[in-house]
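**Student:** Next up is a structure, given as structure tokens.
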Amino acid sequence: LEILCKKILIDTIMRYLLIFLFLLVSNFSTSQCLQANIVLMIDWSGSEVGNEMQLASSSLLFIDKLPISEYAVNICTIRFSNDGVLIHEMSYDKTYIRSKILLLASTKAYGGTYISEAMSISLDQLVTNDRGTRNIIIIISDGEIDDFQSAIFKINETEKIIPLSIFAVQIGGGEEGMYKLSKLTGDVKNITGTTSHNIVEALLRLDLCN
């Protein structure tokens, strides 16, 4: 058992080392062109039990690659399961953002996959903090969302006030999840697929500048 535990620990360390090296050498063009308010919406439902650390750490690594500043990228993080919870308000304070996401990492995923309340919070953050820059929502989920139609209605209503760009990273999931995410994003081209171990790479593949 001790040998098995050591092997798991070594494998985990190597996995995150490879991710770190990938980030060092990757040419993330988004960091050079992006001015936006971004909302990161993270699926924290029962289907993500066991993936909590990967979800949180990938979000942190992704945020570290963004040009977070008062005049470039401001970011807000929200998690959704049975309800929607604001992890932190729109901010360009990286220390504050990291501390809030680390707190999220210590909580357990649970419940159903209901996105409507979280979408309302996201849209409110974007409208309230509108700076005349791009307004982007990134959904990280398997796509098996129970109330996506209600969320689409809220998106359509908000687009009458401010322009929105919506992207998604599908973790596992099947065709039904892809269909629901494509309806939320408006275009299957705005979705990248991945496993729970490669979330950050999938986030970096999103073409947020176009």
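The values are calculated or read from the model by the stated rules, or taken from the named source; none is laboratory data. Computed from a predicted structure; not experimentally measured. With ideal geometry, Cβ positions are generated from the backbone for all residues, glycine too; neighbour counts draw on all protein chains shown. We work out accessible area using only protein heavy atoms, side chains counted, and drop any ligands, DNA or RNA first. Shrake-Rupley method; radii C 1.70, N 1.55, O 1.52, S 1.80 Å.
**Student:** Describe numerically, in nm with one decimal, the distance between label points set 7 Å from Cα along Cα→Cβ at LYS65 and at GLU175.
**Tutor:** Label-label distance for LYS65 and GLU175, simple model: 3.1 nm.
**Student:** On to the next question. So, with a 1.4 angstrom probe, what is the percent of accessible area on the range 30-99 that is carbon and sulfur? Don't jump to the answer; show the numbers that get you there.
**Tutor:** Values: 1180 of 2450 Å².
Carbon and sulfur: 48 percent of the exposed surface of the range 30-99.
**Student:** Let me ask something else about it. How long are the semi-axes of the equivalent ellipsoid of the range 144-191, defined as square roots of 5 times the Cα gyration tensor eigenvalues? Whole Å, largest first.
**Tutor:** Numbers: eigenvalues 80, 30, 9 Å².
Equivalent ellipsoid semi-axes, largest first: 20, 12, 7 Å.
**Student:** Relative to the compact globular guide of 2.2 N^0.38 Å, what is the alpha carbon radius of gyration of the range 119-210, as a ratio?
**Tutor:** On the way: Rg = 13.0 Å, N = 92, 2.2 N^0.38 = 12.3 Å.
Normalised Rg, Cα atoms only: 1.06.
**Student:** Working with all protein chains in place, sort LEU123, LEU103, LEU164 by solvent-accessible area computed with a 1.4 Å probe, largest first.
**Tutor:** Values: LEU123 5, LEU103 110, LEU164 30 Å².
Largest to smallest exposure gives the sequence LEU103, LEU164, LEU123.
**Student:** Could I ask something else about it? Based on the Kirkwood radius over alpha-carbon pairs, what value in µm²/s does the Stokes-Einstein equation return for the translational diffusion coefficient of the range 57-154 at 37 °C and 0.692 mPa s? Let's see the in-between values first.
**Tutor:** Working: Rh = 14.3 Å.
Stokes-Einstein gives a translational diffusion coefficient of 230 µm²/s.
**Student:** To continue, here is another question. Let me see the pair-distance distribution of the range 113-167: every alpha carbon pair, 10 Å bin width, integer percents in order.
**Tutor:** Once binned at 10 Å, the Cα pair distances of the range 113-167 give 23, 58, 17, 1.
**Student:** Here's something else I'd like to know. Could you report the range 45-91's accessible area per residue, 1.4 Å probe, as an integer in Å²? Don't skip to the answer; put the middle values down first.
**Tutor:** On the way: 1500 Å² over 47 residues.
Value for the range 45-91: 32 Å² per residue.
**Student:** Which FRET efficiency value, to the nearest 0.05, do you get for VAL127 and HIS197 by plugging their Cβ-Cβ distance into 1/(1 + (r/R0)^6) with R0 = 35 Å? Intermediate values should be presented prior to the final figure.
**Tutor:** Details: r = 35 Å, r/R0 = 1.01.
Efficiency at R0 = 35 Å is approximately 0.50.
**Student:** Which whole-angstrom value gives the distance between the alpha carbon centres of the range 91-138 and the range 35-55?
**Tutor:** 9
**Student:** Determine the share of the range 102-198's accessible area contributed by carbon and sulfur atoms, expressed in whole percent, with a 1.4 angstrom probe.
**Tutor:** Working: 2390 of 4490 Å².
Carbon and sulfur atoms account for 53 percent of the accessible area of the range 102-198.
**Student:** Further, regarding this structure: Calculate how large, on average over all directions, the projected area of the Cα convex hull of the range 165-210 is; give the answer in nm² to one decimal. All intermediate terms of the calculation are to be shown ahead of the outcome.
**Tutor:** Details: hull surface 11.7 nm².
The directionally averaged projection comes out at 2.9 nm².
**Student:** Still on this structure, I have one more. Using the Cβ atoms and a cut-off under 12 Å, what net charge is assigned to the surroundings of GLU89, where Lys and Arg are +1 and Asp and Glu are -1?
**Tutor:** Working: positive: LYS100; negative: ASP93, ASP124.
Every neighbour counted, the sum reads -1.
**Student:** Show me 72-82, 192-202 ranked by packing, highest mean number of other Cβ atoms within 10 Å first. Each step should come with its number before you reach the end.
**Tutor:** Working: 72-82: 22.9, 192-202: 18.9.
The packing order, highest mean first, is 72-82, 192-202.
**Student:** By accessible area of protein heavy atoms, probe 1.4 Å, what ranking do LYS189, LYS65 get, highest first? Numbers along the way, then the final one.
**Tutor:** Values: LYS189 170, LYS65 50 Å².
Largest accessible area first, the list is LYS189, LYS65.
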